[in-house]
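Below you'll find the structure, written out as structure tokens, and then a few comments.
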Amino acid sequence: MKRSLLTVLVLLLFVSTALVACSNETPSNEGSEAAKNIKQEITLNAKTEPPSLDPAIASDTTSGWVIDHLFEGLYTKNQKGEPVLGAASDVKISEDGKTYTFTIREDAKWSDGDPVTAYDFEYAWKRVLDPKTGSPFAFYMYYIKGAEEYNKGKGSADQVGIKALDDKTFQVELKAPLGYFDKLLTMWTFYPVKKSLVESNPKWAADAKGYVSNGAYRLTEWKHNSEVVIEKNEHYWNKDQINMQKVTWKMVNDATTYYQMYKTGELDLIDTLPTDVIDQEKNNKEFKITPYFGTYMFMLNVDKPPFTNAKIRRAFAMAIDREAIVKNITKSGEKPAYAFVPYGVNTPKGDFREVGGSYFEENVKEAKQLLEEGMKEEGWTKLPEVTLMYNTAENHKKIAEAVQEMLKTNLGVKVKLANQEWKTYLETTQQSNFQMARMGWVGVFVDPTVILDYYLGDSPNNRTNWVNKRFDDLMAKAKVEQDDQKRYELLHEAEKVLMTDLPFIPVYFYSQNYLTSPKFKGIVYPVNRYPDVRWAKKVAE
């Protein structure tokens, strides 16, 4: 995900406390005559072009933000962030917890008025798993019987435990019981797509014309690299609960510019304020800081010198002053990261992060020694040239410049900087064409599994080329372990393996800052997604 979504969200079996989202107060004047005549439109800022609005292909939080408003899965999230039935009106779970039988709503329709069927769900899910599709999030379906085998070319689509029994009955068979299956199904990878549309037009998701969805909104305009516009879907089964009629996303990447646009009323909500205005805005009632279940990091390509050496990777990690970054640059309550899994996961022994603790510390003296030892092991008298890449954004630039200076001061290493626009950047890093590159990962729900999944050996999101069989085996065992305490122990072991090899440098655990116009009420701020405006209401002009 861009900061990773893709969170993407919520404690496995204890979601009620972990995933409660923040929202504006319910307005007292909501029913007034004046409010009734206010045009229900809101303008947001996506910052960049969404790389894809195809639920099977999208892997970043920018795309996911738009897709989450356009589509709806079998489950959706309510205003508290809890999973509730969406396109399904009923679900029956077998006694062994492995078979789910969903009933698709009679009034579930596509934005063109056609009925949504169980066959659309079967087609969509198998399309994600089809190796030809190249879905980066296909591994989230590996809990399903036969899914992994089909996706890896070792099985057929017919052997996958996904089947439409008739137009309105959809059955899913899991390999083992999964306590958070309902939460998993709220992510966009599990959304349906209209079979007849996708089969007739392979480029159906490239433009607004002909685009069909089944959620609260329909895509009405997409001016590439400029704006995306969605409008209320009158065919949506729950349309009476949707207040906002029109949502526009601008694509303005410069923080100073979008901050000024907010101040002049051109934008109604912005996130990631310019760092030089955060202090002055902190006492503003429109300013909000919320938790965000994700980690900001620098990926290290273990196939490209100098990061082929584990000691050098650790030296770089130990030479960065994280406290200085969160206090002087980000300034929004972020916590320095010395591990991968963020705070916020309650376990039988306490918060997962607090139980696991830190895996290293900042230590310039030791970092210098490790760098020297690593270079000696490789036979280098001079460190290979290093370039740090980041996607274009003011805060990323400032962090990269700070890290550049820290590595020069603490290790004597000169680092070059390079930046690319988000869509290009994703393609570049996907091809492993980097040495050291910025990335963020946000959990699709609040659990260590969906964070640690990032570095699975066969995860398309793992761009470091690091593969560790023990790590993969521990993750596989954790996913079928029914005893919660044992499951968390396996996840701690897996994280230890990852943090020993360090194919990345954790920098900080996210929080998110916003400015929201007081003209709007009812906006929801999830812990792993951008704001949800389905229930938002404009109460003043």
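Descriptive notes on the structure:
- Candidate aspartates and glutamates for bridging to Lys349, where Cα separation is under 18 Å - those fewer than 8 sequence places away on the same chain excluded: Asp447, Glu481, Asp483, Asp484, Glu489, Glu493, Glu495
- Label-to-label distance, Ala540 versus Ala476, with points set 7 angstrom from Cα along the beta-carbon direction: 5.9 nm.
- J(HN,Hα) series, segment 140-151, from Karplus relation 6.51 cos²θ - 1.76 cosθ + 1.60, nearest Hz, glycine and proline x: 5, 9, 5, 5, 7, 3, x, 5, 5, 4, 5, 5
- Asp240/Ala176 FRET efficiency (R0 60 Å; Cβ-Cβ; nearest 0.05): 0.95
- With 32 Å as the limit, the listed pairs Lys397/Lys496; Lys152/Lys416; Lys80/Lys486; Lys194/Lys246 have Lys152/Lys416 beyond it between alpha carbons.
- Gained length - Ala208 relative to Glu281, 0.36 nm times residue gap less alpha-carbon distance: 22.6 nm
- Normalised by the number of residues in segment 428-539, the mean separation of alpha-carbon contacts (under 8 Å, six or more apart) gives a relative contact order of 18 percent.
- Matching label, percent of Cα pairs over 39 Å apart computed from the structure shown, candidates (1) 38; (2) 24; (3) 28: (2)
- Partner aspartates and glutamates for Lys154 [C-alpha distance under 20 Å; skip if fewer than 8 residues away on the same chain]: Glu122, Asp130, Glu173, Asp458, Asp472, Asp473
- With a Förster radius of 22 Å applied to the beta-carbon distance between Glu405 and Asp254, the computed FRET efficiency rounds to 0.45.
- When a 1.4 Å probe is rolled over the protein heavy atoms, the share of accessible surface on the chain that falls to carbon and sulfur comes to 46 percent.
- For segment 128-287, taking Cα atoms only, Rg and Dmax work out to 20.8, 59 Å respectively.
- Each Cα pair under 8 Å and six or more residues apart adds its separation to the average, and for segment 273-336 the resulting relative contact order is 33 percent.
The values are calculated or read from the model by the stated rules, or taken from the named source; none is laboratory data. Fair warning: this is a prediction, and the values are worked out from it, not measured in the lab. When we count neighbours, we look across all protein chains shown, and the Cβ atoms used for this are built from the backbone with ideal geometry, even at glycine. Protein only, heavy atoms only, side chains kept; ligands, DNA and RNA dropped before computing areas. Shrake-Rupley method; radii C 1.70, N 1.55, O 1.52, S 1.80 Å.
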